[in-house]
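Working notes, structure below.
Bear in mind these aren't lab numbers, they're just calculated from the coordinates by the rules spelled out. Everything numeric here is computed off the predicted structure, so don't read it as measured data. Don't worry about glycine lacking a Cβ; one is built from the backbone with ideal geometry, like all the others, and counts go over all protein chains shown.
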Amino acid sequence: MKKFLIHILFLILILSAKAQEPAAFHQLFPAQHILNPATNGVRNSINGYLLYRSQWTGISGAPQTQVLHVNAPIRAYKIGIGFSVVHEQIGMRNVTDISAAFSYNVKTGNTGKLAFGLKAGLKNNTFNTSKAKLSDDSDALFNNQEASILFPDFGFGCYYFSKKLYAGLSMPSLFSYRFATSGAMSSGIEKQASLYFHSGYFYSVSQNCVLKPEMQLFYNQATSINAQVNANLIFKDKFTIGAGYQTSKAISFITELNLKPYLIIGYAYSYNFGWLMNVQTGTHEIRLAMDFGLETKKIPLLNTIRDF
């Protein structure tokens, strides 16, 4: 029975790895730099962040993700550039994704802009069964097998933004990987169709308070369509509090604080109320961001996208 449960948990972790590549972040807006290359350089600032995410705390081998990202505009040429390193651990699987992004924007109407972006990088995927904790060391499925694959990856996206509205569509990864076992571990590359749609709106509640509803739709062949909806209140452009719901049966709570004009800390907590609720204590996501504006005058709250 114990061996059977280990096999089931093993399969769940592998399927979740396949289904949520890239990771399903709860701080939707900052995550777009990873998911949509067209968002790089849309603000008049050099900005970047560190993010750590621990999913399903309490389950051994549950997903953990670390992100380093930086991006900047080159205004004279209407382009943006970005650089990202994403590392993810899920059970016996490790993935490191290093990528660079390029975007170009054109003006549409009086206040709107439309950006197009491309991403190129390298992914290294390693699968090592020696990390499994077994009650029966003779289990052939977990007999110290290891496979690794390094391959190039590409993504693209488009992004529209104005003073109050933003929306983007992207395919962040054109390729996936596969690990198979038939006596010995093997690996290979396969095409992957994953699409993200993200949109939000800034609504002025009062002079010092802005409501920002946002949504994200995610589609791939493994999970069909997943959706996340967030609602955030921004106070004086310094403090944000919000909540969200995912169709994967999870609710989230989000907060963000501007410690300095250039220093931001964000935190999100989510709780899965599906069948996992009895074996995990939630998901934690923390982000430390720095934003160095290229303009000396203060920009009104509704004239910019705060999270970028």
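Taking Cβ atoms as reference points and 9 Å as the exclusive limit, the residues near Y203 contribute a net charge of +2, counting Lys and Arg as +1 and Asp and Glu as -1. Report the paramagnetic label zone for T108: residues of the stretch 224-238 whose backbone N is under 12 Å from a point 7 Å from Cα along the Cα-to-Cβ axis. Counting only backbone N, you get no residues.
With θ taken as phi - 60° and the Karplus curve 6.51 cos²θ - 1.76 cosθ + 1.60 applied, the whole-hertz 3J(HN,Hα) list for the stretch 102-112 is 9, 9, 9, 10, 10, 7, 10, x, 6, 10, x Hz, x standing for glycine and proline. Take the Cα of L150, go 7 Å toward its beta carbon, and the backbone nitrogen atoms of the stretch 69-106 under 13 Å from that spot belong to 96-98. In this structure, the residue pairs whose Cα-Cα separation is over 25 Å, taken from K164/K249; K164/K236; K236/K260; K123/K249, are K164/K249; K123/K249.
Working note: Karplus 6.51/-1.76/1.60 with θ = phi - 60° gives the stretch 40-54 the couplings 6, x, 6, 8, 7, 7, 8, 9, x, 7, 10, 9, 10, 10, 10 Hz, where Gly and Pro are set to x. Taking other Cβ atoms within 10 Å as a rough exposure proxy, L259, L211 sort from fewest to most as L259, L211. Between N124 and R75, the simple label model (points 7 Å from Cα in the Cβ direction) yields a spacing of 3.9 nm. Here the gap between F116 and Y262, fully extended at 0.36 nm per residue and compared with their Cα-Cα distance, gives a gain of 49.9 nm. Modelled label positions at A167 and M290, each set 7 Å beyond Cα in the direction of Cβ, lie 3.6 nm from each other. Ordering T283, T39 by the number of other Cβ atoms within 10 Å of each residue's own Cβ, fewest first, gives T283, T39. For S103, S224, S162, the sequence from fewest to most other C-beta atoms within 10 Å is S224, S162, S103. Estimated from the Cβ-Cβ distance and a Förster radius of 35 angstrom, the FRET efficiency linking N44 and S206 is about 0.85. Evaluating 6.51 cos²θ - 1.76 cosθ + 1.60 at θ = phi - 60° for every residue in the stretch 215-221, the Karplus couplings come out as 9, 9, 10, 10, 10, 8, 5 Hz, glycine and proline recorded as x.
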